[in-house]
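The values are calculated or read from the model by the stated rules, or taken from the named source; none is laboratory data. No experiment lies behind these values; they were computed from the predicted model shown. Counting neighbours? That spans all protein chains shown, and the Cβs are built from the backbone with ideal geometry, glycine included. Surface accessibility is based on the protein's heavy atoms, side chains included, excluding ligands, DNA and RNA. Shrake-Rupley method; radii C 1.70, N 1.55, O 1.52, S 1.80 Å.
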Amino acid sequence: MSSSSKEAILAAAKRTAQAHGYSGLNFRDLADEVGIKAASIYHHFPSKADLGAAVARRYWEDTAADLESMLAKTPDPVRCLRQYPEVFRKALANGNRMCLCSFMAAEYDDLPDAVKQEVQTFADVNVAWLSKLLSAAAVVTPRKSEQRARAIFAAIAGAQLMARSRSDISLYDTLIDGYRAAGLLPA
């Protein structure tokens, strides 16, 4: 199998997990979507746990790269903090999907350990990035930046969940505006 097949499998798995979570990953359905035999997926991913961990790892790696790219393009930390909710909004705008790792976090008790680790890493990457920017922007003291970063991450993930449950992206926007008005996010 080619690396392009592996990439196609990961892309299909990402779309599926954003809509149905880890429990929605099914090799037969993914194979149909990619146009290969289900058995062929095992060449790259010997188990569902391996696939779940790989797709979650790729998701947090891509998110980390996007966050660093945002900072490189816009070195003003306050402006980056204002743009951060857009990272989560994109999934809603793409077929009312959710952040893959937020969806998987809701299934945490049923996840294999390798997938749990990747889901935790996603949160850690986001919190670390937010904490760094909150400190750089002097929004909070460095001692309080991680606590504030966790609150922002949790609030934005919660806003995404509420908006998805109503298929209403405008609710997400309203909640983000409320976080700004309340001072959680920079206005």
> Carbon and sulfur atoms: what percent of the 1.4 Å accessible area of the stretch 61-120 do they account for?
Replying inline: 47
>> Compute and list, largest first, the equivalent-ellipsoid semi-axes of the chain from the alpha carbon gyration tensor, each √(5λ) rounded to a whole angstrom.
In response: 32, 17, 14
> From the phi of every residue in the stretch 72-79, what ³J(HN,Hα) in whole Hz does the Karplus formula 6.51 cos²θ - 1.76 cosθ + 1.60 yield, where θ is phi - 60° and glycine or proline is x?
Replying inline: 5, 6, 10, x, 6, x, 5, 5
> Rounded to the nearest whole Å², what accessible area per residue is found for the chain with the 1.4 Å probe?
Replying inline: 49
>> Placing unit charges on C-beta atoms (Lys and Arg positive, Asp and Glu negative, everything else neutral), compute the dipole magnitude of the chain about its Cα centre in debye, rounded to 20.
In response: 400
> For the chain, with the dipole built from +1 on Lys and Arg beta-carbon atoms and -1 on Asp and Glu ones, taken about the Cα centre, which of ALA12, ALA137, SER167 lies farthest toward the positive end?
Replying inline: ALA137
> What dipole magnitude, in Debye to the nearest 20, does the stretch 110-187 give about its Cα centre under +1 on Lys/Arg Cβ and -1 on Asp/Glu Cβ?
Replying inline: 340
>> If Rh is defined by the Kirkwood formula over all Cα pairs and Rg also comes from Cα, what ratio Rg/Rh do you get for the stretch 1-63?
In response: 0.92
> Say we join alpha carbon atoms closer than 10 Å with springs in a Gaussian network model of the chain; which of LYS14, LYS132, LYS37 then has the biggest fluctuation?
Replying inline: LYS37
> Any idea which of PRO75, SER47, VAL87 is furthest toward the positive side of the dipole for the chain, if Lys and Arg beta-carbons carry +1 and Asp and Glu beta-carbons -1?
Replying inline: PRO75
> Taking the Cα atoms only, what angle lies between the long axis of helix 169-182 and the longest principal axis of the chain, rounded to 10 degrees?
Replying inline: 30
> Relative to the Cα centre, what is the charge dipole magnitude of the stretch 1-55, using +1 at the beta carbon of each Lys and Arg, -1 at the beta carbon of each Asp and Glu, and rounding to the nearest 20 debye?
Replying inline: 40
> Among LEU185, ALA151, ALA128, whose Cα lies farthest out toward the positive end of the dipole of the stretch 126-185, if unit charges sit on the beta carbon of Lys, Arg (+1) and Asp, Glu (-1)?
Replying inline: ALA128
> Convex hull over the alpha-carbon atoms of the stretch 18-113: what's its volume per residue in Å³?
Replying inline: 122
> What is the set of long-range amide H partners of LEU185 at a cut-off below 5 Å, with H atoms built 1.01 Å from backbone N?
Replying inline: ARG180
> Tally Lys/Arg at +1 and Asp/Glu at -1 over every other residue whose Cβ is under 15 Å from the Cβ of ALA136; what's the total?
Replying inline: +3
